[in-house]
Each structure stands twice: as structure tokens, then as C-alpha cells.
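Here is the structure we will look at.
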Amino acid sequence: MTPVPAGNPTTRVHVVSDVHGNARDLARAGEGADALICLGDLVLFLDYADHSRGIFPDLFGTENAHRIVELRTARRFTEAREFGARLWAGLGGDRAAVIETAVRKQYAELFAAFPTPTYATYGNVDMPPLWQEYAGPGVTVLDGERVEIGGRIFGFVGGGLRTPMRTPYEISDEEYAAKVEAVGEVDVLCTHIPPEVPELVYDTVARRFERGSRALLTAIRRTRPRYALFGHVHQPLVHRMRIGATECVNVGHFASTGRPWALQW
């Protein structure tokens with residue numbers, strides 16, 4: 001799935017999203033590329049495909065992970081929150097401190113796996129305040145910002161919109177739209193969440209619509225970037241489609257496949 005424009009390509013970029021703890025493949029993701037782009041969700045809190053993996057089952061066991069996935073998949077979010085609250089109450093201690101310790105352990109491994117150079121933005125399950133501690137000199141963190149790579153302008157917008165899941169980096173529609181506006185016209189628009197198009201936001205395994213951004217969809221139609229790259233939806237109904245002149249591509253399969261998406265020109 002590598003688009004190659006006419007002529008001999010001189011720049012190759014690999015793009016990943018939704019790493020979710022896959023440090024082994026992340027260490028190889030930049031091989032053969034001039035740069036790596038990461039669109040967030042480094043943390044693995046709970047693997048919906050393998051309920052034994054992640055911070056949640058490490059703390060509460062696989063059976064409890066089964067149960068909370070069942071409740072969330074059925075969209076019984078209030079019951080899921082109440083169930084989670086009971087588990088945390090039984091664990092004792094400072095919930096935020098326990099989570100931060102577990103996230104720090106994952107970040108130390110994952111940021112060490114990034115090649116140089118890497119350009120990265122946050123996912124909705126990430127904890128942005130910690131990133132600057134772990135991002136070395138070869139990692140550039142961007143959110144609502146632009147960077148030039150191989151003569152093309154790349155814009156980055158991180159995070160997700162607010163949902164009943166209440167993941168760590170969810171922001172208001174207004175704040176998200178302001179970041180999209182700040183990026184402006186670019187050749188490649190890189191975001192964690194997709195534009196709000198039904199085919200792009202529906203997860204066929206979770207059987208629900210995830211939140212996409214209307215502001216992002218409006219910006220794509222108005223500014224017409226060559227590509228819009230995103231993740232967030234792990235098993236989308238459609239992995240790629242065109243919106244006007246823009247090729248929209250979901251690259252959010254890295255945790256399960258270990259393969260980056262390649263762009264070269």
C-alpha cells in the first residue's frame with residue numbers, strides 16, 4: 001500500500017499510528033525511510049483483541065478485562081465506569097499515580113525505539129505532559145503545528161474529541177478546530193482521529209462509530225491537501241477513500257500488523 005508518484009522518488013516517509021505497546025516492531029518501523037511519522041496512541045491500556053495485554057489486565061486480571069470490554073462494546077458505558085470504579089477502590093492507593101507509573105514504563109521503552117528523525121503527535125490515550133521527558137533530540141513532537149520534510153509541508157493535529165470513554169487526551173470540538181485552523185494549508189495533514197465520514201469512523205469489530213472531526217473534514221475540503229493520514233479506528237469499514245482532491249488513508253493498524261504505511265515522492 002505504497003503510493004509512488006511518477007518519476008524517481010527521492011524521499012520516503014514511513015507512517016504509523018496506534019502503536020499500543022508494540023515496541024518491537026516500532027524499532028524497525030523506520031528502516032529504509034528518511035523519517036518516521038507517528039500519529040499517537042503509544043500506550044496500551046487494554047487490548048480489545050487480546051484481553052491479557054495492557055495496563056488494565058496487569059492490574060486487575062484477564063477476567064475483569066473481559067468484563068469491561070463486554071460492557072464497553074455493548075455501549076453500557078455507565079456500567080463500565082461503575083465496574084471500573086469498584087476495581088480501583090479495591091486496589092487502593094492513588095489511581096492517577098498507579099496509571100502514571102505504568103505509562104512511564106511503556107513510554108521509556110517506546111520512545112527509546114523511535115528512530116531519528118521521528119515526527120510525532122499525541123493520540124487520545126496518550127499523556128502529553130510526559131512526552132517531553134521521554135522525547136530525545138531525534139523526536140520532534142508537534143500538535144497544531146507544521147514541519148517541512150523533503151520539500152513538502154506536513155501538518156500535525158493530536159488528540160481526540162470527548163467521548164463517554166473519557167480517555168486521557170480528549171479535548172473540546174472548539175479546541176480541536178482551533179488546532180486544525182492553526183495548521184492551515186499543507187501538503188500532508190497528519191492527525192490521530194479521522195475526518196467525520198461514516199465509512200472512516202465506523203469500527204467493524206467494536207461495532208460502533210468512533211468520533212471523527214467535522215472541523216477536519218471541512219479543512220480537507222477547503223485546503224485540499226494531497227494526503228490526510230490518521231489512525232484511531234483500528235478496523236475501519238474503509239481504509240482509504242478520496243475526499244475531493246485528497247487521498248485519505250487510515251494507518252491505524254500498526255499494533256496488530258507491525259507494518260508502517262509508506263509515502264514516497
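Can you list the HN-Hα couplings for the range 114-124, worked out from phi with the Karplus curve (6.51, -1.76, 1.60; θ = phi - 60°), rounded to whole Hz and with x for Gly and Pro?
Karplus-based 3J(HN,Hα) across the range 114-124 equals 5, x, 10, x, 10, 10, 9, 9, 7, x, 6 Hz.
Can you give the log10 of the normalised intensity I(q)/I(0) at q = 0.30 Å⁻¹, computed with Debye over equal Cα scatterers of the range 144-194?
Result of the Debye calculation: -1.12.
If R₀ is 25 angstrom, what is the calculated FRET efficiency for the pair Arg24 and Asp58, using the beta carbon separation as r and rounding to 0.05?
About 0.90, to the nearest 0.05.
Taking the mean number of other Cβ atoms within 10 Å as a proxy for protection, how do you rank 38-44, 144-150, 226-232 from highest to lowest?
Listed from highest to lowest mean packing, they are 38-44, 226-232, 144-150.
Counting Lys +1, Arg +1, Asp -1, Glu -1, what net charge surrounds Leu39 among other residues with beta carbon under 12 Å of its beta carbon?
-4
Does the range 7-89 classify as rounded, prolate or oblate by the C-alpha gyration tensor (a ≥ b ≥ c root eigenvalues; a/c under 1.5 gives rounded; else a/b over b/c gives prolate, otherwise oblate)?
prolate
Where in the range 60-99 does the amide nitrogen come within less than 17 Å of the point 7 Å from the Cα of Thr163, taken along Cα to Cβ?
Answer for this model: 68-81.
For the chain, what percent of Cα pairs sit more than 31 Å apart?
Across the chain, Cα pairs with separations above 31 Å total 23 percent.
So what is the relative contact order of the chain, in percent, for Cα pairs below 8 Å that sit 6 or more residues apart?
Here the relative contact order equals 24 percent.
Is the shape of the range 164-263 best called rounded, prolate or oblate, per the rule: a/c under 1.5 gives rounded, else a/b larger than b/c gives prolate, else oblate, with a ≥ b ≥ c the square roots of the Cα gyration tensor eigenvalues?
oblate
Give me the accessible area per residue for the chain, probe 1.4 Å, as a whole number in Å².
Roughly 45 Å² per residue, with all protein chains present.
For Arg207 and Arg86, FRET efficiency with R0 = 30 Å and r from the beta-carbon atoms, rounded to 0.05?
That pair, Arg86 with Arg207, gives E of 0.70.
Mind ordering 86-95, 179-188 by average Cβ neighbours within 10 Å, highest first?
179-188, 86-95
Read phi for every residue in the range 94-109 and hand back ³J(HN,Hα) as whole Hz from Karplus 6.51 cos²θ - 1.76 cosθ + 1.60, θ = phi - 60°, with x for Gly and Pro.
Once rounded to whole Hz, the list reads 8, 4, 4, 5, 5, 5, 4, 4, 5, 5, 4, 4, 5, 4, 4, 6.
Quick check: convex hull over the Cα atoms of the range 33-136, volume per residue in Å³, rounded to an integer?
116
Give me the percent of the accessible area of the chain that comes from carbon and sulfur atoms, probe 1.4 Å, all protein chains in place.
Of the solvent-accessible surface of the chain, carbon and sulfur hold 49 percent.
For the pair Glu181/Met127, report the inter-label distance in nm, with labels modelled 7 Å from Cα in the Cβ direction.
Using points 7 Å along Cα→Cβ, the separation is 3.2 nm.
Once a ≥ b ≥ c are taken as the square roots of the eigenvalues of the Cα gyration tensor of the range 96-149, is the result rounded (a/c under 1.5), prolate (a/b larger than b/c) or oblate (a/b not larger than b/c)?
Since a/c reaches 1.5 but b/c is at least a/b, the shape of the range 96-149 is classed as oblate.
The values are calculated or read from the model by the stated rules, or taken from the named source; none is laboratory data. Quick caveat: nothing in here was measured; it's all calculated off a predicted structure. Cβ sites come from the backbone with ideal geometry, for glycine too, and all protein chains shown count toward neighbours. Heavy atoms of the whole protein, side chains included, go into the accessibility calculation; ligands, DNA and RNA do not. Shrake-Rupley method; radii C 1.70, N 1.55, O 1.52, S 1.80 Å.
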